[in-house]
Each structure stands twice: as C-alpha cells, then as structure tokens.
Amino acid sequence: MSQEQHVFLEVKDLRTRFHTPEGTIYAVNGVSFSLNEGETLAVVGESGCGKSVTMMSILRLIAMPPGKIVSGEVTYRDRKLLELSEDAMEHIRGKEIAMIFQDPMTSLNPVLTIGRQLTETLRTHTPMTPEQCRERAITLLDWVGIPDATKRLYDYPHQFSGGMRQRVMIAMALACTPSLLIADEPTTALDVTIQAQIIELAKRLKQDVGMAMIWITHDLGVVAGMADRVIVMYAGFIVEEADVDDLYDNPLHPYTIALLQALPRADRRREKSLKSIQGAPPNLLAEPVGCPFAPRCEFVQDRCVRENPLLQIVEGKHKAACWVDVKTGGLR
Amino acid sequence: MTRYIVRRLLQAIPLLLVISLILFVLMQNATDPLATMGGRTPTRPEDRARLTRQLGLDKPVYIQYLYWLIGNDWTKVDLDGDGTAETQGKRQGVLRGDFGTSIVQTGRPVTTVIFERLPNTLILMLTAEFVIVLGALLVGIFSALRQYSLFDNILTGILFIGYSMPIFFVALSTMYIFSINFQRWGLPHLPTVGMFDPKIGKTTGQIILHMILPVFSIAFISFAAYSRYIRSTMLEVLGQDYIRTARSKGLPKREITFIHALKNASLPIVTIVGLDLPLLLGGAVVTERIFAWPGMGRLFIDGIDRGDTPVVMGILMLIAVSVVIFQIITDIVYAWLDPRIRFD
Amino acid sequence: MAQISPTQNGDLRRCCFGFAHLVFVRRRVLFTEKYSNFTNTKERLQPPSAAHPFGTDTVGRDILARTIYGGQISIAIGITAAFVEVMIGILIGALAGYFGGRIDSILMRFTEAMLNMPQLLLLIVMSKFFSGQLPNINILGRTLSGSVVVIVFIIGLTSWPYLARIVRAEFLSIKEREFILAARATGTPSWEIIFKHILPNSIAPIVVSATLGVAGAISLEAYVSFLGMGVRAPTATWGNMLENAYRYIESAYWLWLFPGLLIVLITISINFLGDGLRDALDPRSRTV
C-alpha cells in the first residue's frame with residue numbers, strides 16, 4: 001500500500017439535504033474522501049448516518065425534490081459528476097459506476113424477467129446484438145453462481161430466493177464491467193449463511209476482476225475481511241478514516257471505539273462483554289452545533305459542545321474528527 | 001386457466017340468482033305494467049283482469065319469478081279466469097334465453113328490443129372509455145413525472161374540480177356553449193340531440209358529429225377520476241426500489257417510465273378499467289337522456305316509466321352478467337401482466 | 001392523533017378552506033320555504049333581473065329563493081343519507097370483519113351483489129319501488145314531500161358497500177392486534193370489543209368516507225331527481241329544479257345554470273374537506 005496509487009474518484013465537501021414537511025434534514029454535511037483504482041473502501045455507521053445518501057448523491061440517484069445536493073464536487077476520471085447533464089450521467093450509471101442495493105426482494109422489477117433486466121443494461125450501454133447480450137447474461141449468471149443459468153433467464157424475480165436475487169443484482173451490476181461497484185448494505189437483508197456467500201462473491205470480484213468497490217455496511221465484522229480502507233460516518237459527517245488494520249488496532253474516535261465494543265469477538269474475555277452505545281441516534285433536523293456525537297460520548301469535553309471538530313490527519317493516513325485524545329482522555 | 005374460469009363462472013351463478021331475485025321483487029312492486037299498455041291505458045275492469053292474467057301478474061311473486069327464470073311451458077296457466085288452468089304456457093324462461101316480450105312494444109321479444117339499442121350505447125361508451133383511458137394515462141403519467149411542478153399543481157386542481165362535477169352539468173354547459181351559442185354567433189356548431197340529422201340520414205360523419213358532446217360529457221368526469229388514480233399509482237410505483245435500480249443501471253428515462261414503471265402501475269389500472277367498463281353500460285342514463293341518444297340508458301328509463309318490467313329486467317341482467325364476465329377477463333389480464341399470479 | 005404535527009398543517013389548511021367554502025355556500029341557503037314555493041304564472045320564465053336575480057321558472061317561481069331553499073333540502077338529504085350509509089356500512093363491515101367465517105362470506109357475497117349493479121340504476125328501481133303516494137310530512141316547521149325520506153333511505157341503502165369493505169378491512173387488521181387479544185382474554189363481551197375497542201381505532205377512514213359520502217349523496221339525489229324519479233313537488237332540491245330544465249336549454253339557461261353551479265360548488269367543497277381530512281387523519285391511504 002505504500003506506493004502512490006491512482007486516485008480515480010474524489011468527493012469534496014458533499015452536502016445533501018432533504019426538504020420535508022417536518023423541516024430540513026441535514027443528511028450529508030460536508031463529506032470528502034477519495035478512492036484509488038482497485039481499492040475496496042468500507043463505509044460504516046448506524047442507519048441514518050448518511051452513508052447511503054452520500055453514495056446515491058455521487059450517482060445523483062437522490063429523489064429531487066425532496067432531496068437536494070447543496071454543494072460539493074464529485075470528480076470521476078476528470079469528469080465532474082454533479083455538473084454533468086442527465087443524459088451524460090446515464091452513460092456513467094451502470095456502465096462506469098454500478099450500484100447494488102440493500103433489499104434484493106424489492107430491488108428487482110417484479111414484472112420483468114431476469115433475462116430482460118440483465119440484458120437491458122448491455123443493450124443500453126454497449127453495441128452488442130441481442131444474441132451477444134443473452135450469451136453475456138448467461139456467463140454473468142454462471143459467474144455469480146446461479147445454476148442452470150440458460151433456463152433461469154426466463155424466470156421472474158419471485159421465483160428466486162433472497163440470496164439468489166442478490167446474486168442476480170450483482171450480475172446486473174457487473175454486466176458492463178464497471179470500474180466501480182457501490183454496494184449499499186448488500187447483505188443486511190439476508191440470512192447469515194447467505195451473507196457469507198455474498199461476501200465470498202465480493203472477495204472473488206476483487207481478486208479476479210480487480211474492481212474498485214465501496215461497501216456500505218453497519219457491520220464492522222463484515223468489513224475486517226475484505227476492505228482496504230474504512231470510513232466511519234456519524235450524523236452525515238465522516239468522523240474517522242483509516243486503513244482497515246489501523247482502525248481495528250488503534251481507533252481514534254470515541255464513536256469508532258463504541259462501535260468496536262458493540263461488536264461480538266471470539267478473542268474477547270467474557271466480562272468485557274458487549275457494550276451498547278448510550279443515548280439516541282442524532283437528530284438530523286437541525287444543523288449541529290459542536291460535535292454531533294458529543295451527547296453520547298464518554299470522553300466529552302466543554303469544547304466538544306461548542307465546536308465541531310474537523311476531520312484531520314492524526315498519524316500517517318489515519319484521520320479523525322475529535323478534539324479528544326482517546327488514549328489520555330484530554331484535549332489533543 | 002380453464003379450470004379457474006369454470007370455477008369463477010360457477011361461483012357467479014348464485015350471485016346472479018340473488019341479484020335477479022331482488023331486482024325482480026323490486027320491479028314487481030315498483031311499476032304498474034297495465035298503466036301504459038302500448039300507449040292505451042285499459043280502463044274497463046274486465047280488460048284489466050284479462051291482461052293481468054295474460055301477463056301472469058295474478059300469480060304470487062315467487063311463481064312469477066319462477067316463470068321468469070325457468071319458463072312456464074311445463075305447466076298450464078289459467079287465461080280466462082274460470083279457475084282451471086287449461087292453456088299450455090309458452091314462456092321458456094331466462095335460463096333458456098327467453099327474456100319474455102316487451103310490454104310497451106307489444107309482443108316484441110325483449111332480446112330484440114335490447115339488442116336494437118345495445119350497439120348505440122356501445123359505440124358511445126367504448127369511444128368514451130377509449131378517450132378516458134388514453135387521456136388519463138397521458139395526463140396521469142406526465143403529471144406524476146413532474147410532481148409538485150406548476151403544471152402538476154394546476155392540473156391537480158382542474159382534475160379535482162372535474163372529479164366533483166355532475167355529468168348533467170357538464171352536458172348542459174357544453175351543449176349550451178358549443179351548440180346553442182355557437183349557432184347564435186354564427187360559428188360552426190355541434191348538433192344538440194339525437195344520433196343523426198334526419199334530413200341527412202344515418203351516415204358515419206353524422207354519427208361522429210353527434211357523438212362529440214355526449215362522449216365529452218361521459219369522458220370528462222371519469223377522465224378526472226382516472227387521471228388522479230393513475231397519477232397516484234404512478235407516483236407510488238416511481239418511489240419503489242426497483243425504479244431506483246433501473247436508474248442506477250443508467251437506463252434512459254423513457255424506458256424507466258414506460259416499461260419499468262408503467263408495467264407495474266398498469267396492474268391496478270387494469271382492475272379499475274375492468275370493473276368500470278360494464279358499469280358504463282348503464283351509466284349513460286343521464287347523458288342519453290339529455291342528448292336524446294337512442295341507447296340502452298334511455299330504453300331503461302322508458303321501461304321504468306312505463307312499467308316494461310321484462311325489458312328493464314333484461315337490461316339489468318345483461319349488466320350483471322357482463323360485470324361477472326369482465327371480472328373474469330380482468331383477472332386473466334391481471335395474471336398475464338403479473339407473473340406472480342398463477343391460477344394453478 | 002393527539003398532536004398536530006407540522007406535516008398536517010398544510011392538510012389542515014386545505015381542510016379549513018373546504019370548510020369555509022361550505023359555510024359560504026351554506027349561508028346563501030338560509031331562506032324561507034313559503035317564498036320559494038310562491039307561484040306567479042304571470043312571470044313565467046323571466047330572465048334574471050333585479051326583482052328575480054336568478055330569473056323565474058316555468059310556473060313563475062323565483063329561482064333564487066328556490067335555489068336557497070332547495071339547497072337546505074339537498075344538503076340535509078346529503079348528510080342524512082350519508083348517515084344512513086355509514087350506519088349500514090359500519091354494521092355490515094364490522095360484523096363481517098369481526099366474526100369472519102360464514103357470516104363474513106355471506107355478508108361479503110351480498111356486498112358484491114350490490115356492487116354488481118350500477119348504483120344509479122339501482123336507485124332508479126328502488127325509487128320507483130318506494131314511490132307510492134307518500135303523504136307530505138312536517139319536520140321543524142317545514143313541509144317536505146314524503147319522497148325526501150325515500151331518497152335519503154335509498155341513497156343510504158345503495159351506497160354502503162364501499163364503506164362496508166373499508167370497515168371490514170380495518171376490523172380484520174385491528175382485531176389481530178395485541179390490545180384486542182388482551183381485551184378478549186379478559187372476557188370482554190364481543191359488542192364491547194367491536195364498539196369500544198375496534199371502532200374508535202378505525203374511525204379515520206370512516207370519517208373520510210362519510211364526508212365524501214355527503215358529496216356523493218348530494219350528486220346522486222341530483223341525478224335521480226334530474227331524471228324525474230327523485231324528490232317530488234312541492235319540495236325543491238337542486239336536483240329536481242334541474243328536472244326538465246334541459247328542455248329549455250335554448251330559451252332559459254338560468255333554469256339549470258344556477259342550481260347546477262351550486263351542486264358543483266358544494267361537491268367541490270365537500271370533496272375538498274374530505275380530501276384534506278384524509279391527508280390529515282389517514283396518511284396511509286392517499287390514493288383516490
């Protein structure tokens with residue numbers, strides 16, 4: 001990891017809000033990060049912390065209205081995605097950047113055959129003939145491990161189990177061999193055994209295809225085995241960013257620490273058993289003054305309530321947004 | 001599939017029997033068929049008694065219903081009122097396709113009388129339904145795609161007003177404006193009543209010209225209701241996860257709207273159309289009255305006014321049967337559109 | 001529903017607008033019966049003038065007065081018919097939904113049979129059935145044609161199936177909830193569970209349907225009366241003022257314009273109120 005890698009996706013100061021009758025929801029509040037070729041980035045955080053909204057903003061899949069990308073810059077291979085026309089954006093989606101979603105039960109169109117849903121991406125983005133599209137679809141279904149692929153092209157989503165549907169979703173995303181795959185909690189809605197299979201599939205994708213991936217999850221356990229780098233999000237902010245081993249060995253943000261403590265681990269002694277995070281998830285209806293995690297933080301200081309810490313480099317490539325040095329408990 | 005259709009038809013039989021029984025009883029007490037026998041009201045008591053016997057009205061209601069249903073050719077009836085049944089009955093009953101004879105148009109079979117008028121109603125209603133569905137699809141989809149835009153807001157307001165309008169008001173105002181006042185102002189105007197101008201004759205052009213206002217009146221109200229329905233259905237479908245998936249695949253908007261969204265939205269729409277279509281057969285009563293359109297609705301009103309029970313019953317049963325048939329057709333179309341539904 | 005959140009504010013605003021509209025329309029309606037039935041054959045079919053702002057009808061009655069008076073009757077018919085509809089609908093829907101099984105299937109078959117007929121045709125047949133010579137009746141110092149009662153009754157009798165279906169669906173889902181199971185476990189009698197536990201919890205869709213039912217009943221009365229089978233003389237309603245008005249469409253537009261316009265206004269107002277109520281009370285069912 002030491003040599004300079006080619007950055008091909010860069011997000012700067014992304015802010016997304018939703019204007020709802022209840023008020024404005026501050027979903028993403030100035031998120032910046034970058035992604036290298038072939039790298040797997042995990043984005044971790046509780047539900048509602050803005051992980052999905054960030055990724056959907058990148059692909060401009062946010063429903064507008066009520067959503068609005070207030071500011072920010074997304075650069076993908078020298079193209080500013082937020083400034084592209086809708087037509088140009090259609091050529092990025094599915095072809096260059098593909099996305100898979102949380103719930104495979106609802107993410108496939110129930111009235112269209114799997115074959116049709118697989119081939120339409122190819123028809124849209126490549127000059128392939130229908131026959132070539134079909135061949136490709138079969139290859140893809142084979143690759144993601146769906147038996148009897150030729151026949152199953154004519155089946156409808158309801159004829160597949162949840163895990164099989166997620167495989168179909170992955171096959172669909174891979175159709176045009178995109179350079180980036182964004183996976184939005186692809187295993188959350190699945191059984192544990194099926195989860196493991198899907199994660200195996202993703203690892204294979206990384207090794208065999210070398211595709212860059214952004215893997216959104218709220219499960220730090222999943223992250224350990226596959227990610228290169230991790231971003232931890234809270235209340236629409238990135239609170240910590242580190243290489244995966246650094247994050248596990250040396251978490252710098254109290255929220256990350258709390259998340260890790262809430263994770264069951266085989267190597268941990270029983271009396272240090274699971275700890276839950278105190279307090280309620282943040283209210284996104286108001287722009288936070290001070291650190292959004294302060295009300296739940298066990299290291300909280302006066303300054304935390306007044307000023308929101310920025311994400312800054314702490315050591316090497318390890319970044320955190322916290323006033324406190326968690327090792328000493330004092331201000332940094 | 002065949003088994004399903006047969007099962008549905010069998011289930012419909014008791015339903016239709018109950019409907020027919022209720023309507024028959026209501027009709028027996030609602031009107032006096034003797035009041036307007038072919039335009040001449042019989043006044044002499046012996047005439048009345050004879051006619052009552054001939055029409056079988058002297059029998060208790062349940063016997064009358066039985067005769068109506070299965071006929072009376074298996075028994076003898078008392079026509080001369082001497083207390084002994086000696087004349088063989090001639091009626092075959094509804095179950096064998098004999099709906100009896102019209103009282104107003106003396107001696108003509110009910111089926112002939114109805115089928116004379118049926119095409120006139122059908123041409124009006126099918127054209128209206130076509131206009132409604134096509135227009136409502138366009139407006140509903142367009143307005144759903146531009147939710148909360150100025151266009152959407154204005155349209156929603158207009159549709160709301162249209163939805164609350166009684167059909168006679170639309171009919172009378174359009175007639176007043178487009179035929180009467182346009183004529184007064186010397187503009188080309190639409191005809192007011194009838195199906196064609198007797199001076200010109202029953203040509204296609206004439207019929208189309210005479211259809212414009214009635215079709216508009218019928219379509220106007222349902223159009224508003226349908227557009228509102230299609231708009232909300234489309235909005236619901238457009239918010240689904242699979243639409244987000246389709247967008248994430250970079251499909252063109254056209255394809256997302258008309259294939260991914262519309263195919264799903266068409267399911268509830270098909271149901272509504274299928275259930276409404278047969279009801280339209282009787283729904284033209286007011287329009288046909290205002291525009292003097294010689295259809296089934298007018299036949300129905302005339303039948304009610306003049307006590308022509310057999311014709312009225314015939315029309316009501318025709319509608320009830322078509323409702324049942326259309327429900328089955330709707331189910332089949334639904335299953336064809338929605339792969340999740342299989343009959344076996 | 002104890003609190004009104006900012007979401008419902010807009011809905012409530014719409015709701016209030018509908019209500020204000022109603023009050024406006026209703027105010028024109030407070031007028032006397034005697035004047036509205038006063039015939040002056042010398043002034044037949046007079047166009048609108050200062051003396052008769054809405055003109056006069058075929059027997060020289062003042063249309064403004066009749067519109068005002070008829071409006072009271074129309075609205076009264078609408079409200080009472082909707083009440084009848086709601087009573088029958090709740091009764092049938094509640095029984096079917098709560099007891100299920102045989103009762104449910106018989107009641108629902110019956111409901112289906114009702115829905116198999118166009119309501120207007122059914123109304124016409126029933127109106128004929130009940131329209132023997134009914135005596136005039138006196139209510140609150142007014143003389144009403146007996147046909148008013150008939151119309152109220154038959155509109156209620158033909159309108160309930162949709163409501164019954166809604167109530168049944170509500171009952172089916174609510175009766176499975178824990179608090180109902182708890183009530184049953186403690187031996188609460190069925191009628192008490194139905195009327196004190198389930199019904200109050202399914203009131204939102206019922207209130208909405210009842211409101212929309214008033215608008216429906218007013219226009220149904222108008223349709224039937226328009227066809228000459230509704231409310232009979234001497235009582236005026238907006239509907240029977242239109243009866244035969246279309247025969248004068250060329251010579252006397254005021255015969256149908258004013259009562260027609262008021263029917264449109266009142267249905268829009270009530271539908272507006274109902275729509276606002278639906279959005280405020282029952283956010284789940286936003287479809288038409």
Just going by the charge dipole of segment B:244-333, with Lys and Arg at +1 and Asp and Glu at -1 on Cβ, which of B:THR309, B:LEU267, B:THR257 is farthest out on the positive end? B:THR257
Quick check: the distance between the Cα centres of segment A:106-164 and segment A:1-74, to the nearest angstrom? 29 Å
With just the Cα atoms defining each centre, how far is segment B:1-26 from segment C:192-214? Give it in Å. 32 Å
Top positive-direction residue, dipole computed over the protein assembly as shown with Cβ charges, set A:LEU112, A:PRO254, B:PHE300: B:PHE300
By its C-alpha gyration tensor, with a ≥ b ≥ c as the square roots of the eigenvalues, how is segment B:171-226 shaped: rounded for a/c under 1.5, else prolate for a/b larger than b/c, else oblate? oblate
Pairing the Cα long axis of helix B:309-337 with the longest principal axis of chain B, what angle in degrees results, from 0 to 90 and rounded to the nearest 10? 30 degrees
Highest GNM mean-square fluctuation, chain A, Cα pairs closer than 10 Å: which of A:GLY94, A:GLY50, A:GLY316? A:GLY316
Which shape class, rounded, prolate or oblate, goes with chain B when its Cα gyration tensor gives a ≥ b ≥ c as root eigenvalues, a/c under 1.5 marks rounded, and past that a/b bigger than b/c marks prolate? oblate
In nm, to one decimal, how far is the C:ILE103 label point from the C:GLU192 one, both placed 7 Å along Cα→Cβ? 1.7 nm
Separation of alpha-carbon centers, segment C:104-130 and segment B:249-313, rounded to whole Å: 18 Å
If each of B:PHE258 and A:ASP142 carries a label point 7 Å out from its Cα toward its Cβ, how far apart are those two points in nm? 3.5 nm
Along the Cα→Cβ direction, 7 angstrom out, place labels at B:ASP80 and B:VAL193. What is the inter-label distance in nm? 4.7 nm
With no solvent and one point on each alpha carbon, what is the Debye value of log10 I(q)/I(0) for the protein assembly as shown at q = 0.06, 0.07, 0.09 Å⁻¹? -0.60, -0.77, -1.09
Beta bridges per DSSP with both ends in the protein assembly as shown, % antiparallel, nearest 5: 70 percent
Global geometry of segment B:246-344, whether rounded, prolate or oblate, following the gyration tensor of its Cα atoms and the 1.5 cut on a/c: oblate
Can you compute the FRET efficiency between B:ILE158 and A:ASP219 using 1/(1 + (r/R0)^6), with r the Cβ-Cβ distance and R0 = 60 Å? Round to the nearest 0.05. 0.75
Nearby aspartates and glutamates by direct alpha-carbon distance to A:LYS206 (threshold 15 angstrom, same-chain neighbours under 8 apart not counted): A:GLU37, A:GLU39, A:ASP228
With +1 at each Lys and Arg Cβ and -1 at each Asp and Glu Cβ, the charge dipole magnitude of chain A around its Cα centre, to the nearest 20 debye, comes out at 420 debye
Most mobile of B:ALA261, B:ALA219, B:ALA128 in a GNM of chain B (Cα contacts under 10 Å): B:ALA261
Please report A:SER107, C:SER105 as a ranked list, fewest other C-beta atoms within 10 angstrom at the top and most at the bottom. C:SER105, A:SER107
In segment A:116-228, taking the dipole from +1 charges on Lys and Arg beta carbons and -1 charges on Asp and Glu beta carbons about the Cα centre, the listed residue (A:MET128, A:MET164, A:GLY221) farthest towards the positive end is A:MET128
About the Cα centre, charge dipole magnitude for the protein assembly as shown (Lys/Arg +1, Asp/Glu -1 at Cβ), debye: 1820 debye
Ordered by fewest other Cβ atoms within 10 Å, a rough proxy for footprinting exposure, A:CYS322, A:CYS133 read A:CYS133, A:CYS322
GNM top mover of B:GLN183, B:GLN64, B:GLN105 - chain B, alpha-carbon springs below 10 Å: B:GLN183
Using the number of other C-beta atoms within 10 angstrom as an exposure proxy, rank B:TYR148, B:TYR67, B:TYR4 with the fewest first. B:TYR148, B:TYR4, B:TYR67
In debye, nearest 20, what is the charge dipole magnitude of chain B about its Cα centre with +1 on Lys and Arg Cβ and -1 on Asp and Glu Cβ, if you could check? 960 debye
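No value in this document is a laboratory result; all are computed from the given coordinates. It should be emphasised that the depicted structure is a prediction, and the values quoted were computed from it without experimental measurement. Note: ideal-geometry Cβ built from the backbone for every residue, glycine included; neighbour counts use all protein chains shown.
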